[in-house]
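Peer 1: Structure provided below as structure tokens; questions to follow.
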Amino acid sequence: FSSLVIKTQIPLIIFLRGNFWQEVELGKKTIEKSTLSHLEINMKNRFADKCFSEAHTILPICSYLKKITDEKYPEKKIQVLYQGIHKSDWYNEKGFEFKHPCVGFLQNANIWNKTKEMLLLPKIIANFPNVHFYWAGDGPFTKDILPHLENFPNFHWLGLLEYPNQVRQFFSEIDIYGLISGNDMSPHTILEASLMKKPVIASNVGGIPESIIENETGFLIKEGDTSSWISKISLLIDNPQKLKEMGLEGYEFVCKNFLWDKIAKDFLKIIKI
């Protein structure tokens, strides 16, 4: 579609939601290993490079991704445009009945570079026999994670959830939202959890820190730091008031910075420059 737009000489604006170049290379090494698949990926890569090179503007979804894009296309107009969210979509709704206290993880297992951090979960879960852990998500790497978790009686795998209804019900029920990832840009689930007034504990990688105020709306954990996951979960589980306050702070932060009304105004400013 983008290549057709370029041919018509209509200005092309690309909203870049992920690290396209890294995902291509990881795909070659993990999922797409055949020669035919590599040829197909290389062809798509050439199309993508033409589109990026001839685009009027590239809008990465976070500052972290902007730095990467700047290095690839230093001559292009590149501005950050965050993903927006509608507050009206996120309200408490019955649907699940979880055991409490609980921590919920909502993430797919499609990219190994992201998913591999979930291998920390067995040590984390083992420290909390009285806390329940719910994982909603699926993907080609589920088979590499699930066998390490399914023997814990306090672990529960939900598979894929219907969006947005079941996702809203999931957030309504959990006490803490956890995002344990090896790499991410600007995960929409952090915004959703925050609008549901849930405190967030997340990996301090990629663009994730741009959606969280450390120690106010959530906690950021260094990659591979199992002990910090354990200590922060303990802190929130043992302090219901802190848990509630952090959830409210997250709600206010997202309402101020990520609602679509603001993001739309940011977009208008960009295209007027």
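The values are calculated or read from the model by the stated rules, or taken from the named source; none is laboratory data. Remember, predicted model here, so these are calculated numbers, not experimental data. Positions of Cβ are backbone-derived with ideal geometry, glycine not excepted, and every protein chain shown enters the neighbour counts. SASA here: full protein model, heavy atoms, side chains in, ligands and nucleic acids out. Shrake-Rupley method; radii C 1.70, N 1.55, O 1.52, S 1.80 Å.
Peer 1: Tell me, please, whether a residue that is of a type in the set (Asp, Glu) and outside any loop (DSSP other than H, G, I, E, B) can be found in segment 11-25. Full working, then the answer.
Peer 2: Narrowing segment 11-25 to residues of a type in the set (Asp, Glu): 23, 25.
Among the residues that remain, those that are also outside any loop (DSSP other than H, G, I, E, B) are: 23, 25.
Checked against the condition, which is being of a type in the set (Asp, Glu) and outside any loop (DSSP other than H, G, I, E, B), segment 11-25 yields at least one hit.
Peer 1: Six or more apart or on different chains, Cβ under 7 Å: which pairs go from a residue in segment 222-246 that's farther than 19 Å from Ile180 by Cα to one that's assigned to a helix (DSSP H, G or I) and aliphatic (A, V, I, L, M)? Could you list them?
Peer 2: As it stands, the answer is Lys242/Leu235; Lys242/Leu236, since those pairs meet every condition given.
Peer 1: Can you tell me which of Leu65, Leu59, Leu81 is part of a loop (DSSP other than H, G, I, E, B), of a type outside the set (Asp, Glu) and closer than 27 Å to Lys256 by Cβ?
Peer 2: Values: Leu65 fails: part of a loop (DSSP other than H, G, I, E, B); Leu59 fails: part of a loop (DSSP other than H, G, I, E, B).
The conditions single out Leu81.
Peer 1: Now a separate question. Among residues belonging to segment 59-73 that are within 17 Å of the chain's Cα centre (by Cα) and open to solvent by 10 Å² or more (accessible area, probe 1.4 Å), point out the one that is nearest to Asp49 (Cα to Cα). Let's see the steps before the verdict.
Peer 2: Going residue by residue through segment 59-73, those that are within 17 Å of the chain's Cα centre (by Cα) are 60-66.
Filter once more, keeping what is open to solvent by 10 Å² or more (accessible area, probe 1.4 Å): 63-64, 66.
Values: Ser63: 21, Tyr64: 20, Lys66: 16 Å.
For segment 59-73, the residue satisfying everything is Lys66.
Peer 1: Which residues, counting only those in segment 216-241, are of a type outside the set (Lys, Arg) and in a loop (DSSP other than H, G, I, E, B)? Give the derivation first.
Peer 2: First pass over segment 216-241, keeping only residues of a type outside the set (Lys, Arg): 216-221, 223-231, 233-241.
Scanning segment 216-241 gives Glu216, Thr217, Glu223, Gly224, Asp225, Asn239.
Peer 1: So, one more: Inspect all residues belonging to segment 202-215 and state whether any of them is assigned to a strand (DSSP E or B), hydroxyl-bearing (Ser, Thr, Tyr) and crowded, with 23+ Cβ neighbours inside 10 Å. Working first, answer last.
Peer 2: Of the residues in segment 202-215, the ones assigned to a strand (DSSP E or B) are 202-203, 214.
Still in the list and also hydroxyl-bearing (Ser, Thr, Tyr): 203.
After this cut, where a residue has to be crowded, with 23+ Cβ neighbours inside 10 Å as well, the list is 203.
So far as segment 202-215 goes, yes, one or more of its residues are assigned to a strand (DSSP E or B), hydroxyl-bearing (Ser, Thr, Tyr) and crowded, with 23+ Cβ neighbours inside 10 Å.
Peer 1: Same structure, new question: When you go through (1) modelled with pLDDT of 95 or more; (2) open to solvent by less than 80 Å² (accessible area, probe 1.4 Å) one by one for His38, which number turns out not to apply?
Peer 2: The one condition His38 does not meet is (1).
Peer 1: Looking at this structure, is Gly104 touching a helix residue (DSSP H, G or I) at 6+ places or on another chain (Cβ under 7 Å) and modelled with pLDDT of 95 or more? Break it down stepwise before answering.
Peer 2: Values: touching a helix residue (DSSP H, G or I) at 6+ places or on another chain (Cβ under 7 Å): yes; modelled with pLDDT of 95 or more: yes.
Spelling it out, Gly104 is indeed touching a helix residue (DSSP H, G or I) at 6+ places or on another chain (Cβ under 7 Å) and modelled with pLDDT of 95 or more.
Peer 1: Would you check if there is a residue in segment 87-98 being part of a helix (DSSP H, G or I) and in contact (Cβ under 8 Å) with a residue 24 or more places away in the chain? Walk me through how you get there before you give the answer.
Peer 2: Quick first cut of segment 87-98, residues part of a helix (DSSP H, G or I) only: 87-89.
Pick out the ones that are also in contact (Cβ under 8 Å) with a residue 24 or more places away in the chain and you get 87, 89.
So far as segment 87-98 goes, yes, one or more of its residues are part of a helix (DSSP H, G or I) and in contact (Cβ under 8 Å) with a residue 24 or more places away in the chain.
Peer 1: Collect the residues in segment 175-194 that are open to solvent by 10 Å² or more (accessible area, probe 1.4 Å), aliphatic (A, V, I, L, M) and in contact with a strand residue (DSSP E or B) (Cβ under 7 Å, 6 or more places away or on another chain), keeping them in residue-number order.
Peer 2: Answer for segment 175-194, where residues must be open to solvent by 10 Å² or more (accessible area, probe 1.4 Å), aliphatic (A, V, I, L, M) and in contact with a strand residue (DSSP E or B) (Cβ under 7 Å, 6 or more places away or on another chain): there is none.
Peer 1: If Glu162 satisfies every condition in (1) crowded, with 21+ Cβ neighbours inside 10 Å; (2) within 23 Å of Gly84 (Cα to Cα) but one, which is the exception?
Peer 2: Going through the list (1) crowded, with 21+ Cβ neighbours inside 10 Å; (2) within 23 Å of Gly84 (Cα to Cα), Glu162 breaks only (1).
Peer 1: Let me ask something else. Hey, can you tell me all the residues within segment 139-151 that are farther than 17 Å from Gly182 by Cα and surrounded by 17 or more Cβ atoms within 10 Å (Cβ to Cβ)?
Peer 2: Hit for segment 139-151 is Leu149, nothing else.
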